[in-house]
Amino acid sequence: MTLKSNRTEYSGGIARVFHVTTAGAAIYSELADKYGADNVKQSNSGQGIVDALSMCVSGRGDKIRVWPGTYTPTATITINKTCVTIEGAIPNPAATIIASTTSGVVAFTFAATGDYSTVRNMTILMDVTGPSDCIIVPTSCPGVTLESLIIPNGADTAGLTGIDAESDYLTVENCRIFGVKLAIQSLGINCRFRGNHIVSNLASAVGLDMQDGDNHLVENNVFDLLHVTTTACVKIGTSAKCNQVSFKNNSYNTAAAANITNGNSSTLGQYGDIVSDVTTAVWASV
């Protein structure tokens, strides 16, 4: 059997495409016949994704396509290969669901060797009580892209964080994050936040918290933080390192005292934002 259809030519070599289905999924046989049984993993937990990751080669541009269904990992899925894409197999992110009910489990965490990798086209639901994170990107893992994800709150009403990122060159794009205490936390430099919709009615919620790092772009996002004690749609930390943050064409709907809070004296650019109330130290506008 030739696996030519399971390969894609890249400048760095021949990338492979692996597939994951739920156990007993009707499409499994079709995928196994077309791509070879070794390249198709079955699991109702996250083990199928872990098994597919073990077959990926760092830097080759491999993809893991996760077919529609609900996967309930009982352990954190660690992305430990460079330039790997894990994606829902169809463009609808509501069709492929990673839903953990195990306390302490993170849906995806990136190892130091998981840099420049991508997760997209999925729903990530952490249906646990107590503070937890859905996705963790550590300092040692630059260039991660998180795209077209739905991150809803499950059972937790106190401390859920959608994306907890400390890395540089992070891109969060076209994600819907709702019902969480802190939607996105970013500590890196040169990060991009585009086209996201963040909704929460929890007390003291924050949409985007940039605690550190320079040269961020916040563009075409919608922030709906509706609780009267909302901290801010966007919060900029007190570190003087957080310079040159550009806001473009964002929309804010909040009961908070301010849509954007700037805790330092750095320069922030605001271009075309729909905003009614901003507390700042220094703003540059055109």
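Derivation of every value follows stated rules applied to the coordinates shown; laboratory data play no part. What you see is a predicted model, and the numbers here were worked out from it, not measured in a lab. Methodologically, a virtual Cβ is constructed for each residue, glycine included, from the backbone with ideal geometry; neighbour enumeration extends over all protein chains shown.
Backbone phi angles across the stretch 64-78, fed through the Karplus curve with coefficients 6.51, -1.76 and 1.60 (θ = phi - 60°), yield HN-Hα couplings of 10, 9, 9, 7, x, x, 10, 10, 10, x, 9, 9, 4, 8, 9 Hz in residue order; Gly and Pro are listed as x.
Please report 74, 82 as a ranked list, fewest other C-beta atoms within 10 angstrom at the top and most at the bottom.
Working: 74 11, 82 21.
Fewest-to-most Cβ neighbours within 10 Å comes out as 74, 82.
Taking the beta-carbon count within 10 Å as an exposure proxy, list 210, 55, 122 from fewest neighbours to most. Before the final figure, lay out each step's value.
Values: 210 24, 55 14, 122 27.
Result, fewest neighbours first: 55, 210, 122.
Here the 3J(HN,Hα) profile of the stretch 191-197, calculated from phi with Karplus coefficients 6.51, -1.76 and 1.60 at θ = phi - 60°, is 9, 10, 10, 10, x, 8, 10 Hz, Gly and Pro shown as x. Note on residue 14 and residue 90: with the Förster distance fixed at 22 Å, the Cβ-Cβ geometry gives a FRET efficiency of about 0.35. Between residue 103 and residue 246, what FRET efficiency comes out of the Förster formula 1/(1 + (r/R0)^6) with R0 = 35 Å and r the beta carbon distance, rounded to 0.05? It comes out at approximately 0.35. In terms of other Cβ atoms within 10 Å, 35, 252 run from fewest to most in the order 35, 252. The stretch between residue 253 and residue 75 holds 60.4 nm of extra length on full extension. This uses 0.36 nm per residue minus the Cα-Cα distance.
How much length is gained on full extension from residue 111 to residue 214, taking 0.36 nm per residue of separation minus their Cα-Cα distance? Working shown, then result.
On the way: separation 103, 0.36 × 103 = 37.08 nm, distance 2.32 nm.
Separation in residues times 0.36 nm, less the Cα-Cα distance, equals 34.8 nm.
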